[in-house]
1. Using each residue's phi in the stretch 162-178, evaluate 6.51 cos²θ - 1.76 cosθ + 1.60 at θ = phi - 60° and report the 3J(HN,Hα) Karplus result to the nearest Hz, with x for Gly and Pro.
2. How much length is gained on full extension from A165 to Q26, taking 0.36 nm per residue of separation minus their Cα-Cα distance?
3. Mind listing the long-range amide H neighbours of R113? Cut-off is under 5 Å, sequence gap 5 or more, other chains count too, H placed in the peptide plane at 1.01 Å from N.
4. Packing-wise, with mean Cβ within 10 Å as the measure, how do 107-118, 23-34, 51-62 rank, highest first?
5. Once you have the Cα-Cα distance between R34 and L136, take 0.36 nm times their residue separation minus that, and quote the gain in nm to one decimal.
6. Applying the Karplus parametrisation 6.51 cos²θ - 1.76 cosθ + 1.60 with θ = phi - 60° to the phi angles of the stretch 120-126, what ³J(HN,Hα) value in whole Hz is obtained for each residue in order, glycine and proline being reported as x?
7. Please report the net charge: other residues with Cβ closer than 9 Å to the Cβ of T116, K and R +1, D and E -1.
8. From the phi angles alone, apply the Karplus equation (6.51, -1.76, 1.60; θ = phi - 60°) to the stretch 97-103 and give each ³J(HN,Hα) in whole Hz, x where the residue is Gly or Pro.
Amino acid sequence: PDDREILYSVHPSLHPAINLHPLHAQERATGVVREVAIDVPGVPMGRPFWGPNGIAIPFTTTASGSHELWIRLGGVDRLMYGGTEYMDEPPLSWSSDGSRVAFLTYGYSVHGRILTAWVIDLATSRLFRVAHGLDLPPSRPDPAGMPIVLLGNSTAFSPDGQSLAYTTNGRIFIAPVV
């Protein structure tokens, strides 16, 4: 968060010598790399980034066979979400006070792709399902004749943390956060 270090993961197939420590932080000024110790069995792990307070580090893994979201907080790795749904990128957004994170998952049913927006309260480790439903593709062509622009899906908290905006298939939705 202070731009002094870059946090990243290295897949073991790209660098087998670091299988046990796939998360690294590199100082931007000096280039010095340090391993970020984690207590999660299995690799690969990916998509790590600093929380806004510089303490929490969320990362994902599929080592157990399911999609898992872990958050390292206070030196402890906590499993916050585990399921068969695919976790979308970017993986998380933070509330302005750093107390909650939000992310999207996708599953499938006979009717199509199912989107779920989630929020995790870090103090209680409670997982809230904020929105859930069929993720319909955008109209083609646009009924108003405008070009269709599909951007990556994402989540963002309102400044007061009471609402969550999320995007999918070029559409924006807003849901209350309990």
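1. So the J values, rounded to whole Hz, are 8, 10, 10, 9, 9, 10, 7, 6, x, 10, 10, 10, 10, 10, x, 9, 6.
2. Working: separation 139, 0.36 × 139 = 50.04 nm, distance 3.20 nm.
Fully extending the segment from A165 to Q26 adds 46.8 nm.
3. D135
4. On the way: 107-118: 14.8, 23-34: 12.4, 51-62: 18.0.
The most tightly packed comes first, giving 51-62, 107-118, 23-34.
5. On the way: separation 102, 0.36 × 102 = 36.72 nm, distance 4.37 nm.
Length gained, R34 through L136: 32.4 nm.
6. After applying 6.51 cos²θ - 1.76 cosθ + 1.60, I find 10, 8, 5, 5, 9, 6, 6 Hz.
7. On the way: positive: R129; negative: E85.
Value of the local net charge: 0.
8. Along the stretch 97-103, the couplings run 8, x, 8, 9, 10, 10, 7 Hz.
No value in this document is a laboratory result; all are computed from the given coordinates. Everything numeric here is computed off the predicted structure, so don't read it as measured data. Cβ: placed from backbone, ideal geometry, glycine included. Neighbour counts: every protein chain shown.
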